[in-house]
1. If you roll a 1.4 angstrom probe over the protein chains with everything in place, what fraction of the accessible area of the stretch B:60-292 belongs to carbon and sulfur, to the nearest %?
2. Taking 35 Å as R0, compute the FRET efficiency from the Cβ-Cβ separation of A:Gln74 and A:Ala214 and round it to 0.05.
3. If you take every residue apart from A:Cys190 with its C-beta less than 15 Å away from the C-beta of A:Cys190, what net charge results, scoring Lys and Arg +1 and Asp and Glu -1?
4. Can you list the residues, at least 5 places off or on another chain, whose amide H is less than 5 Å from the amide H of A:Ile448, using H built in the peptide plane?
5. Determine, from the Cβ-Cβ distance of A:Arg124 and B:Ala329 and an R0 of 30 Å, the FRET efficiency 1/(1 + (r/R0)^6), rounded to the nearest 0.05.
6. Which value does Rg/Rh take for chain A over its C-alpha atoms, Rh per Kirkwood?
7. Full-extension gain between A:Phe458 and A:Arg435, please, as 0.36 nm times their residue separation minus the C-alpha to C-alpha distance.
8. Which three semi-axes in whole Å describe the equivalent ellipsoid of the stretch A:255-298, each the square root of 5 times a Cα gyration tensor eigenvalue, listed largest first?
Amino acid sequence: MQNLLEACAITKHFGATVALDAVDFSARAGEIHALLGQNGAGKTTLMNILAGHLRPDLGTVTLDGVAIKTASPQTALRAGIAAVHQSPMLFEHLSAVENLALGGFVRRGLALNEVAERAGAMARSLSFPVQLPPKNLTGLSLAQRMRLEILRALSFQPRVLMLDEPTGLLAPGELSGFLDLLRALRNRGCAVVFITHKLAEAMAVADRITMLRAGRVVDQTSPPQTTIEQLAALMLGNAVELARPKKSHRRGAEVLRLEGLSLEVDGVALVDEVSLRLHAGEILAIAGVDGNGQRELAEILACSRRPTSGQILLHGQPAGARAMGQIAVVPQNRDQEGLIPGMELWENLLLSPALRRQMQTAGVQRRSAAIALCSVLLKRFSIRARSPRQKAADLSGGHRQRLMIARALASRPAVLVAHDLTRGLDVSAAAEVSRIVREFADQGGAAIMISTDLDEVFGLGDRIAVISRGRLFEVPTANLTIERVGLLMAGVGQHR
Amino acid sequence: MSPVISATVKPLAAMAVAIGLLAIGLAALGANPAVTLTALLSGAFGDWLAVADTLLKATPLVFTGLSVSLAFSGSIWNIGAEGQLLFGALAATACGIHLARWSHVAAISAVLGAGAIAGALAGALCGWLRTRFSVNEVISTIMLNFIALQAVSWAVHGPLMEPSHSYPISQKLPAAACMHWFFPPSRLNCGLLLAIGLAPACYFWLYRTNSGFELRAVGRNPRATAFFGIAAGPITVVAMALSGGLAGLGGAVQVCAITQRLFERFSPGWGYEAIAVALVARLNPLAVVPSALFFGALDNGAQVIQRTQGVSPVLVQAAQGLIIFVLLAFDTPILARGRSATLPHHKQPADA
Ligand SMILES: Nc1ncnc2c1ncn2[C@@H]1O[C@H](COP(=O)(O)OP(=O)(O)OP(=O)(O)O)[C@@H](O)[C@H]1O
Ligand SMILES: [Mg+2]
């Protein structure tokens, strides 16, 4: 088959870091090409180069055999190369339709309602449901934002569509629909480049698989000729223990109690009478389709949003502003809510109220202490960074995720709340982080894991609950099956 | 390019390009660029009196430049340093004329304090309006500039008018409230030292304290800071108060060190020029001092070439504007591209 897009000997350095080292890559029409690799392997950098966001130090990109000389996002889009980024790049203050209007639907003099119509038609023809809220994007879940961005990319009628970890936020039910979308695009003759950390997804959908490690292509294969185990070994360069940590059922004193927490916005209960008790040593996993009140629950626990009613008790005491240091939260939206990409790594640590309090005397930052702490955390969480003085934006997606987890645990909180804990982490890092959280619980911490990923929910949770339309249902261990949880997530069979 | 190098190289290159364009402009107008630029240089640094004048011209720019860089560091677009400076000068005059019997130190402190407080209140008002009613601070601070201009005009025609009531200027400040001139005939005074001392203080606040960190963090990513419980409101008001206070202090220093009285057209636009000063300094308070010196030298030299060469100072002002354009051009993807990344790796939406 003819190569549509071809990248030859691409090399890219960032200062002393070699992000890509003479990488060859190609995409063919009517093919799904999965790009795999550990965190920091160079996947996003490669995609950014193909999409014209970055210019390679060396190497050429050709489309239909014609070299793309002055690479820019505009020329790439005009040539038919569209990209969906790891964290959605949307205009928050614009409506969904306006965001789409900035995509490829717009020809001269196309009114917004026509854009909406065309977008709707396109979504329907691909059976790809997208919500289009009328005002701004504030209430939209991250998964919905990702869908919006995908639709915007599709609006350019791309010949090559590249997607950087689009599946991290999808619930199991949504995943198969999404993979069908990729297949539909392939069947229409589109070249699809698909970056993921879930090896099973690659095995299910890819025609070809390219594996990157430390900026080099280490293998090219295709699903029938390989297995998930082989891929994992190839990716990590050696065999690694990926087993989930053992659960423990030691239960300490009650740490956290939520009593009837509700959050109402415009008459809609986003969080609806959530009550729960959490003991030291316990991990509660909350499963749910993204956008069912998880984000709001996390915001309330982070004390950044006040519930309309109900209260939080910490060690039996009503938790006021002081609780902020005791409950450490890892937000879902890494780049918009979790980090300040333009600030240095050590400064990002100080976003945590507890660390900010620890690392100061009389309002003056203890800068060297904070930098030293950052160095320690970089090592302990294997974050690939040159120094604590680097900007957070310079880390790869997975390493930024690790930084957020490191920050949350560094303040030694009583309760850890993590929303999509392992999003963007490669398989070995995900296993490592799961182990670290288990350790945290074993040492007397209590943790709430909010996730859309049932494997993670079942692998990590001592107790399992489901959130749906803002309501929380704890699933008794007696009839705990993946099917039952899946049904509850879909909103079937809820009763109190 | 390392960040430190690019932060110094770009402004220097911008200045060089702007001066080059200025030379072309001079040639186009029929003046000899080499002669005129030499005259400009010697006007600014030719002898020690010229140097002293340059320093004096830079002093208010340091105050207002610090004011602007502080606010801008938190993405608070304070365009009101001009008005805050005028309020400061007004308060300093109103207070100073009554202090004839005070000791020198007490009177000076009171005058400077009054100026700083007046500027701080004007700034804080805009900060509060933004926090409480989401009033865009660009609009509120510009509006206050006009109000300040009118307030000064009203004061020198009314309550503060000099005793003979023949000129629209205020009464002269008593000697106790006037700063000492070190080396007459130059008017060098403590004001410059105060300004230079404030630069590291501002830097310290911005880069070494928790509240300075909070301001920068809120300015860069308000959603993240909101998630982690840093309230944007209070820090906005504090930053605007500090920013306004610095500009107001600049106005007070100008009154009690140089003019010794208030009059209409008190400021030639220090509060606006400050935006250029701060941008060339890349909002770094430490770099505001050399940046202000550069602009002060241009202002001073421009007056000299007008006298000696008959070249309009407007041309120099145009060159000052050009510097900003060139600096912005250096930051656009097309020119900034080269070997390094165009987009800050994982770029956020433009308006996030
Ligand atoms: N702008 C930059 N400045 C400095 N280093 C960078 C920059 N962008 C990327 N890097 C480095 O290049 C390497 C590759 O990063 P990249 O984002 O491509 O990884 P990735 O494969 O997408 O990883 P992940 O799975 O974690 O998203 C990383 O080590 C990263 O730290
Ligand atoms: Mg990536």
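The values are calculated or read from the model by the stated rules, or taken from the named source; none is laboratory data. The structure displayed is predicted, hence computed values, not measured ones. Reconstructed Cβ throughout: ideal geometry from the backbone, glycine too, with neighbour counts over all protein chains shown. These accessible areas exclude ligands, DNA and RNA; they are computed on the full protein's heavy atoms, side chains included. Shrake-Rupley method; radii C 1.70, N 1.55, O 1.52, S 1.80 Å.
1. Of all accessible area on the stretch B:60-292, carbon and sulfur atoms account for 70 percent.
2. Numbers: r = 32 Å, r/R0 = 0.90.
Efficiency, from the Cβ-Cβ distance: 0.65.
3. +2
4. The answer is A:Leu284, A:Leu416, A:Val417, A:Ala418.
5. On the way: r = 45 Å, r/R0 = 1.51.
For R0 = 30 Å, the calculated efficiency reads 0.10.
6. Taking Rg over the Kirkwood Rh, I get 0.96.
7. Length difference between fully extended and current span is 6.9 nm.
8. 22, 13, 6
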